[in-house]
Structures are given as structure tokens and as C-alpha cells.
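The values are calculated or read from the model by the stated rules, or taken from the named source; none is laboratory data. This one's a predicted model, so the numbers in the text were calculated from it and none came from an experiment. All Cβ positions, even for glycine, are placed from backbone atoms using ideal geometry, and neighbour counts span all protein chains on display. For the accessible areas, the whole protein counts, side chains as well, though only heavy atoms, and no ligand, DNA or RNA atoms are used. Shrake-Rupley method; radii C 1.70, N 1.55, O 1.52, S 1.80 Å.
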Amino acid sequence: GIDIFREAAPTLKKLNLELGGQTAMLVFADADIDKAIADGVKRSFRNAGQVCNGINRIYVQASIAREFTQRFVQATEKLRVGGGFDDPSPDVGPMLNDAGLERVQAHVDDAVSRGATLAIGGEPLAGGAFAAGRFYAPTVLTDTTAEMRVMHEETFGPAVGISTFETVDDAIAAANATPFGLVTYLYANNVNTVFRASEGIESGTVAVNNVAPDSFFAPYGGWKQSGLGVELSTYGLEEFQR
């Protein structure tokens, strides 16, 4: 996006840039934990994590963190990895290229070296049905901290870090602790919590109790390093009008 911005500068071309994310999921104690786990696993590992609004990091309120983490790992264990040819319906497919595999491994190794716990995964899958592709095991890291790369850089692969928070303000601060601001997923049932967090989070979109952040009816765009302008809705059309 920065390179395109630079190329557009001499003629002052208007830009509409939807760039990368480093998406957080916030799970409060009053949330529907079953739905949060199911949606969290789905959005963390969809397309092997190679989605701009895929979940990269999860923050869970401390009082439910143990239960959530255990069940999230158990749900991740049930995911089937495959290429879609021999097995027509795998849950997680391959990585795009070697650079993607290397980036995921670098983020996992960095987290473990800084004290994170590798709950599941953490390595490429090779041999047998995986021999011809670039497959990485769905990976969950716990006991993560802010300085770990997986918690502030875009992994863009099937690895997610889990940490905890105590208060709404803590959750907002954690969600904002990244240069990116594309989407944040917020799971809570208390209306005050929902509005306070939604207003404080620096993301173009805050999706409440769902992981479907974009629709044809609402503008979709990034804040901070996640882009300029919006797409979708009538506002998206106006980006291309004068």
C-alpha cells in the first residue's frame, strides 16, 4: 500500500486501499462461550489463516480464560488438514508459498522463545498426503504477551495467540496495541460493554458476536496501517466518484 501511495503521488491520484490486519478477538465473561469458540476457531483457521480479517490474537477475560482456552484447543484438534483432492472437505488447506510457511514458523518460534506455551501444532506437516503441499498444523499459543510477534504482527497463517484481560479498558488497550486497525471481533452480551468497547477500539469494523465483518450494506475499511477509504455499500461507490 505504501509503494502504491508513492507511485500515485506525482499525479495526486486518489487511492482506496484495503490493506492488512492483525485482528483481535475479545471474549468477555458474559459472552456465549460456545458461539465464541466455534466462531473463533472458524475465523482463526479459515483459508489456513490467509485472510486479511482472520483472527491473529485472542484476548479472554481472566475469569473464563481457562475454560475457553481448553475448549478452543480441543476444537482445534478436531480440524482436518488437507488439499481438497483426496479428501473433498478438509477444514484447513495449504499455505500459498514457502515464505508464508517461514513467517508462521518464525512467529511461533519467537513466541515460544519469549515464554509462550505451545498448546497444539507448531510445525509444518510433511510426508504422505502432505508431501506435495505447503501445510502447517493449526497452532494455538497460550500465555502470550504483547512483545511477541504473533500478538502485534500479521502472521497470515494458521497460528493464533491467546492472552487474558481483566477490565474493559484492558481489552480496548490490548486490541489497539498494534499498528493495524482493520477488524476486531467482540463477544459480549452486556450492552454497555459492547458500546464502550466498540467506541474505544481503533478498527474500521467492530463485529459484535459474529465473525462476518463485511456486508454489501455497510462500509468496510481500515484504520491506521490497514488502509484508506472504504469499500462496499453506497459509501464504497462514492470512493470512485467525483
If you roll a 1.4 Å probe over the heavy atoms of the protein chains, what accessible area per residue do you get for region 1-158, in Å²?
49 Å²
Check: the chain dipole with +1 on Lys, Arg Cβ and -1 on Asp, Glu Cβ, in debye:
240 debye
Using the Cα centre of the chain as origin and beta-carbon charges of +1 (Lys, Arg) and -1 (Asp, Glu), tell me which of PHE165, ILE58, LEU96 is placed farthest towards the positive end of the dipole.
LEU96
Taking the convex hull of the Cα atoms, report for the chain its projected area averaged over all directions, in nm².
14.4 nm²
Mean-square fluctuation check for the chain, GNM, Cα pairs under 10 Å: which of GLN70, GLN61, GLN225 is largest?
GLN70
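Looking at the chain, what % of its DSSP beta bridges pair antiparallel, to the nearest 5?
30 percent
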Report the Cα-based extents of region 33-99 along its three principal axes, largest first, to the nearest Å.
42, 24, 18
Once all protein chains are kept in place, SER63 shows an accessible area at probe 1.4 Å, nearest 10 Å², of 100 Å²
Going by the alpha-carbon gyration tensor, a ≥ b ≥ c the square roots of its eigenvalues, is region 15-66 rounded (a/c under 1.5) or, if a/c is not under 1.5, prolate (a/b greater than b/c) versus oblate?
prolate
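Using only the heavy atoms of the protein chains and a 1.4 Å probe, how would ILE2, ILE162 rank by accessible area, largest first?
Details: ILE2 110, ILE162 5 Å².
Most to least solvent-accessible, the answer reads ILE2, ILE162.
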Relative counts (whole %) of C-alpha pair distances in region 13-139, using bins that are 10 Å wide:
11, 39, 34, 13, 3, 0
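Scan the chain and report its longest stretch carrying no GluC sites (Glu not before Pro) that are both in a DSSP loop and have at most 14 other Cβ atoms within 10 Å.
Working: sites that count: GLU147, GLU166.
Answer - 1-146.
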Can you tell me the convex hull volume per residue for region 179-242, based on C-alpha atoms, in Å³ to the nearest whole number?
88 Å³
Mean shadow area of region 131-242, taken as a quarter of the surface of its Cα convex hull (nm²):
9.8 nm²
Probe 1.4 Å, all chains present, heavy atoms only: LYS42 accessible area in Å², nearest 10, is 120 Å²
Average Cα contact separation per residue, the chain, under 8 Å, 6 or more apart, as relative contact order %
25 percent
With springs only between Cα atoms under 10 Å apart, run a GNM on the chain and tell me which of GLY93, GLY82, GLY40 wobbles the most.
GLY82
Let me have the relative contact order for region 184-242, percent, based on Cα pairs under 8 Å that are six or more residues apart.
26 percent
Report the residue, chosen from PHE85, PHE135, PHE28, that carries the largest GNM mean-square fluctuation when the chain is represented by alpha-carbon nodes joined by springs under 10 Å.
PHE85
